[in-house]
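What follows is a single structure, written as structure tokens, with notes after it.
Quick note: the coordinates plus some simple rules give every number you see, no bench work behind them. Remember, it's a predicted structure, so these values are computed and weren't measured experimentally. Cβ sites come from the backbone with ideal geometry, for glycine too, and all protein chains shown count toward neighbours.
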Amino acid sequence: MELGAKRLGLLRELRPEAARIAVLVDPKYPLTERFVSEVRAAASAIGQQIEVLYVGSDREIETAFTTLVQRGAVALHAGIGAFLTSQREQIVALAARHRIPAIYNAREYVVAGGLMSYAPSIPDAFRQAGIYAGRILKGEKPADLPVQQSTKFEFVINLKTAKTLGLEIPDRLLALADEVIE
């Protein structure tokens, strides 16, 4: 769950002057409260104000963007969960319309026109799953295999979106990026 804090830090590097950053979350997703606690703690540690906005429908997403603009948020950290991922095109479009730079939890948001993402590498996760499947097929018991978490992460930046938003991506962030979409 440290990913929420990492994403907040990357967003903060992009917008160090940001007085307030909005965090979009799905209240129905089981890990949301843990995620929000982690992001609040990370924000507190760096003196960053955040505005947590809970959304569970298309209409609530629209309202959340109006709210975050009214409350002075100048950047967005899109949270986790299947609902938000399923609404990625709407979220990306609203971020563009409101000219809000955002970081997302999946590369697919950036491919859809989002600004940047920091997420576990899906190809690496599939490779790990294949290794596990091979071990099971060779006779190892699944219960005897250790639980593994992702160890490879990808940072993706969409320069076309940055240009549209009128943002200059700092060289340090470009150097950290695993992929830059132009």
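A Förster distance of 22 Å, applied to the separation of the beta-carbon atoms of Leu167 and Arg59, puts the FRET efficiency at 0.15. Judged by the gyration tensor of its Cα atoms, with axes a ≥ b ≥ c, the range 1-70 is oblate; a/c meets the 1.5 cut and b/c is at least as large as a/b. Extension gain, Ser86-Arg15: 0.36 nm per intervening residue step, less the Cα-Cα distance, totals 22.9 nm.
Note on the chain: lysine pairs with Cα distance below 27 Å, sequence gap of 8 or more or different chains, count 7. Among 71-81, 93-103, 125-135, sorting by the average number of other beta carbon atoms lying within 10 angstrom of each residue, highest first, gives 71-81, 93-103, 125-135. The Cα center of the range 41-61 and the Cα center of the range 78-117 differ in position by 14 Å.
Taking 7 Å steps out from each Cα toward its Cβ at Lys160 and Phe126 produces label points 2.3 nm apart. Ranked by the mean number of other Cβ atoms within 10 Å per residue, highest first, peptides 37-43, 11-17, 143-149 order as 37-43, 11-17, 143-149. Between 0 and 90 degrees, rounded to the nearest ten: what's the tilt of helix 32-46 against the longest Cα principal axis of the chain? The answer is roughly 60 degrees.
For Val74, the shell of other residues with beta-carbons less than 10 Å away shows a net charge of +2, using +1 for Lys and Arg and -1 for Asp and Glu. Please give me the summed charge of the neighbours of Ala18: other residues whose Cβ is under 12 Å from its Cβ, Lys and Arg +1, Asp and Glu -1. Local charge sum for Ala18: 0. Contact order, relative form, for the range 1-79: 47 percent (alpha carbon pairs under 8 Å, 6 or more residues apart, mean separation divided by residue count). Summing -39500 (n - 2.57) over the DSSP H runs of n ≥ 4 in the chain and dividing by its residue number, what mean residue ellipticity at 222 nm do you reach, to the nearest 500 deg cm²/dmol? That comes out to -14500 deg cm²/dmol.
Normalised by the number of residues in the chain, what is the relative contact order in percent for Cα pairs under 8 Å and 6+ residues apart? Over the chain, the number comes to 20 percent. With a cut-off of 14 Å between beta carbons, the residues surrounding Val55 carry a summed charge of -2, where Lys and Arg count +1 and Asp and Glu -1.
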